[in-house]
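Notes follow the structure.
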Amino acid sequence: MPLLSSHRMHRLVRETLAAAGLSDAEAGVCADASVFADLRGATTHGIVYIVRRTLESIRDGKTRSGSAIEVVRQGGATALLRTAGVVGPVMGKQAMAMAVAKARAQGVGVVNTFNGNPIGLLGYYANLAAEAGMVGLVMANTSPSAAPYGGTSMVLGTNPFAYAAPAADSRPILFDIATTVASYGKLQRAKRRGDRLPEDWLIDKDGRPVTDPARADEGVMQTCGGHKGSGLAILIHLLTGALSGTTVGGEDTHNHPDPAQRGQGALFMALDPEFFASGAVFEALVEKQIGFIHGADPLPGRTHPIYPGERGWSELDRRQAEGIPVPEEDWAVVLKAIRASALDEARLLEGIA
């Protein structure tokens, strides 16, 4: 199992995507998003996701270096962006930067995007707002893979959602989930490993659990929390695809037959606390909230409850010091993607055992 420093992993992602045709700047942004995910232990959305999905998108002609974001409509606090051709992480970073700039001027910034390419871990973009002293929220739609509450057919996407909030002294609160019981990435990882699937991940057409990874493609994913997750997934469809005038749950996103509707929809929002109680007051109260969480009675065997994102920050510190392990089954996916794009494998992997 390879063990890469964050610097070496960043270089590998950047050089791989640059060799495939992205500019150094575009590839660098992709590497930033990829390494952030792997450092936090969100490995399903790190190198195994960014390299494979981006190389596929480049080969399919959906990602084209040098593509620019088109501002379709813009108001004081809002914007609608068409992002066809733009590599996903570049789009996400620019969209959140626009939301932050609008929030700086208006108190809130809301940017809706469509025709998008895969962007990876949403928490990376929400955290960009937190680094600017703001609350960040990000959500995205995906192709049908999950059943609505009470159903057994694919209508809803895994529809991820993330938010981040800065604190006075602690690392930001950073919450990032799929609205399904397990993310699509975790399902794919379990399939690669041949792991038995938990009974609440997938059901068949008769509503029975699918636990055999070899039968995973026969199942439909379940939303988290039953009707609650179903309602959240629907909301995300409405605030992404429907708000941009493209798709709703039940329609394909990345492979939609209409190029005007094809691609992922996402919503980027920033809230500037300075327009409310004030940034300092807000961050102090976030810190107070963290204190109440840490002060709550812990479960047996635990030192204290944790706040959203805390485990990821601890993992980031550990992996920066010790290196990032890449499981063999994930490394095989990366190598397969590099070979499928006919890149110089020996040069890209130089020095990696």
Helix-only mean residue ellipticity at 222 nm for the chain, each DSSP H run of n ≥ 4 adding -39500 (n - 2.57), per residue, nearest 500: -12500 deg cm²/dmol
Of 33, 182, 190, which is the most mobile in a GNM of the chain whose springs link Cα atoms less than 10 angstrom apart? 190
Ranking request for peptides 75-83, 59-67, 140-148: highest mean number of other beta-carbon atoms within 10 Å first, then the rest in descending order. 140-148, 75-83, 59-67
Starting from the Cα of residue 192, move 7 Å in the Cα-to-Cβ direction to define the label point; list residues of the range 322-341 whose amide nitrogen is under 15 Å from there. 325-340
Sites removed, the longest contiguous part of the chain containing no DSSP-loop GluC sites (Glu not before Pro) with at most 15 other Cβ within 10 Å is 1-198
Taking the chain as a Gaussian network, where each spring joins two C-alpha atoms under 10 Å apart, which residue of 123, 309, 150 fluctuates the most? 150
Indicate the gyration tensor shape class of the range 133-251 (rounded, prolate or oblate), computed on the Cα atoms with a ≥ b ≥ c the square roots of the eigenvalues: a/c under 1.5 is rounded; otherwise a/b larger than b/c is prolate and the rest oblate. oblate
Which distance in Å, rounded to a whole number, links the C-alpha centroids of the range 283-353 and the range 55-103? 26
With a/c under 1.5 counting as rounded, go ahead and sort the range 100-139 into rounded, prolate or oblate using the C-alpha gyration tensor (a ≥ b ≥ c being the square roots of the eigenvalues; past the cut-off, prolate if a/b is larger than b/c, else oblate). oblate
Would you mind ranking 224, 30 by Cβ crowding within 10 Å, fewest neighbours first? 224, 30
What order, most packed first, do the peptides 45-51, 169-175 have when packing is the mean number of other Cβ atoms within 10 Å of each residue? 45-51, 169-175
Return the single residue from 273, 259, 213 with maximal mean-square fluctuation; model: Gaussian network over the chain, springs between Cα atoms under 10 Å. 259
Based on the Cβ-Cβ distance from residue 105 to residue 302, what FRET efficiency comes out when R0 is 45 Å, to the nearest 0.05? 0.55
Unsatisfied cross-links (Cα-Cα over 30 Å) in the set 62/191; 93/205; 62/93; 102/288; 228/336: 93/205; 228/336
Counting pairs of alpha carbon atoms under 8 Å apart in space and at least six apart in sequence, what relative contact order in percent does the chain give? 22
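Any read-out appearing in this document is the output of simple, stated calculations on the displayed coordinates, not a laboratory observation. Worth saying up front: this structure is predicted, and the values here are computed from it rather than measured. With ideal geometry, Cβ positions are generated from the backbone for all residues, glycine too; neighbour counts draw on all protein chains shown.
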